[in-house]
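Values quoted throughout were computed directly from the atomic coordinates according to the rules given, and no laboratory measurement underlies them. Computed from a prediction, not measured in an experiment: that's the story for all the values here. Glycine also receives a Cβ, built like all others from the backbone with ideal geometry; neighbour counts cover every protein chain displayed.
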Amino acid sequence: MLGKQNVNLPSILLWGFAATVILTTLTIAGQSLGLTRIDIPFIIGTMVTANRDRARVIGYAMHLFNGWVFAVVYALFFEYVHIATWWFGALMGTMQGVVVVVVILPLLPGVHPRMVSDFRGPEPTRLLEPPGFLAINYGRATPIVIIIVHMIYGSILGLFYAPR
């Protein structure tokens, strides 16, 4: 049944773009306020380049693309369950944020070519700090920031997505 769902692609691409820009901006605001040191675009970008300035730009573009992909997944789910509201999007975003903090970020050192693991120290090619348990190596409030910005991302998608 899920394969037969049609999504309003223009709507989800527009709001997926907006929600991802807001998510990233709020994460940067969390850095500026001293709540977290995590820089997701930089971390993503350093997976493909060692140039620190270029990494931030490439990582931002990759993060935006990922935001669009996840927005389409949200739209498919909204269409499947016939619910597209801010609170349902917030619930989905909260779940996504928890998965990011509990699963994705702790697994990064295993696949990131420039990230130190919890078991292996810095090397000339591995200089990024590992996120650690719940990403608290980037600050004690990091898991809260990540979950809240994903909750806001989902809220925006649920509020503004126009189902078919």
Assess whether VAL103 counts as being among the hydrophobic types (A, V, I, L, M, F, W, C) and either buried (at least 16 other Cβ atoms within 10 Å of the Cβ) or within 24 Å of SER32 (Cα to Cα) (or both). no
Return yes or no: is ILE104 aliphatic (A, V, I, L, M), closer than 24 Å to GLY158 by Cβ and under 17 Å from the mean Cα position of the chain (by Cα)? yes
Output the residues belonging to the range 71-110 that are without any contact (Cβ under 8 Å) to a residue 24 or more places away in the chain, of a type in the set (Val, Ile, Thr) and within 23 Å of GLY139 (Cβ to Cβ). VAL99, VAL103, ILE104
Output yes when any residue across the range 114-134 is under 20 Å from THR25 (Cβ atoms), in contact with a helix residue (DSSP H, G or I) (Cβ under 9 Å, 6 or more places away or on another chain) and surrounded by 14 or more Cβ atoms within 10 Å (Cβ to Cβ), and no when none is. no
When you go through THR85, THR27 one by one, which is the residue that is buried (at least 17 other Cβ atoms within 10 Å of the Cβ) and of a type in the set (S, T, N, Q)? THR27
Identify the residue in the range 13-54 that is farther than 17 Å from VAL145 by Cβ and of a type in the set (Ser, Thr, Tyr) and, among all such residues, is nearest to the chain's Cα centre (by Cα). THR46
Is it the case that the range 6-24 has a residue that's farther than 19 Å from LEU159 by Cα and surrounded by fewer than 16 Cβ atoms within 10 Å (Cβ to Cβ)? no
